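Here's the structure we're looking at; comments come further down.
The values are calculated or read from the model by the stated rules, or taken from the named source; none is laboratory data. Nothing here was measured: the structure is a model prediction, and the numbers come from that model. In this analysis, Cβ positions are derived from the backbone assuming ideal geometry, glycine residues included, and neighbour counts consider all displayed protein chains.
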């Protein structure tokens, strides 16, 4: 559907569900420009409200109306079908963002002053998910997460376990905790998506270079594709299953919220999550002792990377009639002061060269990889959103059927490839 949007007459107007907001938004003053701001994170509504107040105070001719909805993916599709693209947007920098970028829904921001301060490794991750043409930049990273292994330093110290640097050391640590009656990892299998953090970290370091680019280039030609999940993911599958062999009893009935509470209360040595889980863990127990380290997927520490995704990507509607005002707002949100504040308040990583170093003790183990550019993107951000990856992965973790797991991924990928037209075909 998104690719078809390119063929439409360029009639995408900047407007959001005005009726939804009319009752609460003050009417604009004469000659005042109103920017419709699509903001997808419910937990950041107050944060952005404060930023909007600050921006409006410095720019009295511009009013910004924040629109946050319960189901942003559905909402943005509905707006696009109605030719109502917001002026400014925040979206998760995932596969859905990539599809919209490839459909040329977003403006090119490559010439924005703030684009030059973005860490190249971070911008590359977002660009890899999709962009409109050539060297365009269709979204700017405002905040990143970092996926790794969270751990309890007190438990590690009690049993004399050092932070693992290799795969063998990670498994040895798990065995030590298990032998002493301590849950090595706290697993939350009731929520299917919680199998994904381990999968994406294993895949990032074990899949061939350019794996998804080669898959995409093969189109629907499965038999002649140089890569596939069945060919290239067996080690990923084996190691994923190995990690989940250390799940605590009853993990199938534990959800994410319960896992956060259990880890916060010291009921496991490690937790297979990243920076995104830290606020929830602290909400469960403000005194929780949390530290982190990257997944040591191989036995060569030099190959270790941190998987990071653009948690908040900023974009501008390509056909907004208020481009100058939208640019002002984007460049305000991308200032060092705003980025540093947002990252601190949201336990995120600031994606700017000029940003302040990450000071959160829970994230110190991941920070050096982020600033040095030893990053990989999420493999699930390269998958079409219609592939039920988390359900397929959860089933594999529960039944251990590796052949079915890998074949299911291949079947889903090539099934979608067979019905997806390439550019120029429609």
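Tabulated data for the structure shown
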read-out: Hits in region 100-122 - residues which are surrounded by fewer than 19 Cβ atoms within 10 Å (Cβ to Cβ) and either in a helix (DSSP H, G or I) or touching a strand residue (DSSP E or B) at 6+ places or on another chain (Cβ under 7 Å) (or both); value: 113, 115, 116, 117, 120
read-out: One residue from 238, 255, 213, 300 being in contact (Cβ under 8 Å) with a residue 12 or more places away in the chain, over 30 Å from residue 154 (Cβ atoms) and exposed (fewer than 15 other Cβ atoms within 10 Å of the Cβ); value: 238
read-out: Filter pass, residue 386 being assigned to a loop (DSSP other than H, G, I, E, B) and under 18 Å from the mean Cα position of the chain (by Cα); value: yes
read-out: Where a residue in region 397-426 is not assigned by TED's automatic domain parsing to the domain that holds residue 248 and outside any helix (DSSP H, G or I) and its partner, wherever it lies, is modelled with pLDDT under 95 and loosely packed, with under 13 Cβ neighbours inside 10 Å, with Cβ under 8 Å and at least six apart; value: 426/4; 426/7
read-out: Test: residue in region 144-153 that is more than 20 Å from the chain's Cα centre (by Cα), over 22 Å from residue 364 (Cβ atoms) and modelled with pLDDT of 95 or more; value: no
read-out: Residue count, region 62-96 (criterion: modelled with pLDDT under 95 and out of contact with any helix residue (DSSP H, G or I) (no Cβ under 7 Å at 6 or more places or on another chain)); value: 14
read-out: Filter result (touching a helix residue (DSSP H, G or I) at 6+ places or on another chain (Cβ under 7 Å) and part of a loop (DSSP other than H, G, I, E, B)) within region 124-153; value: 129, 130, 131, 132, 137, 138, 139
read-out: Enumeration of residues in region 154-177 that are surrounded by 16 or more Cβ atoms within 10 Å (Cβ to Cβ) and assigned to a helix (DSSP H, G or I); value: 155, 156, 167, 169, 170, 171, 173, 174, 176, 177
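Each row is one residue, and each column tells you yes or no for (1) within 22 Å of residue 127 (Cβ to Cβ); (2) at pLDDT 95 or above.
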residue: 373; (1), (2): yes, no
residue: 382; (1), (2): yes, no
residue: 389; (1), (2): yes, yes
residue: 394; (1), (2): no, yes
residue: 404; (1), (2): no, yes
residue: 409; (1), (2): no, yes
residue: 416; (1), (2): yes, no
residue: 419; (1), (2): no, no
residue: 422; (1), (2): yes, no
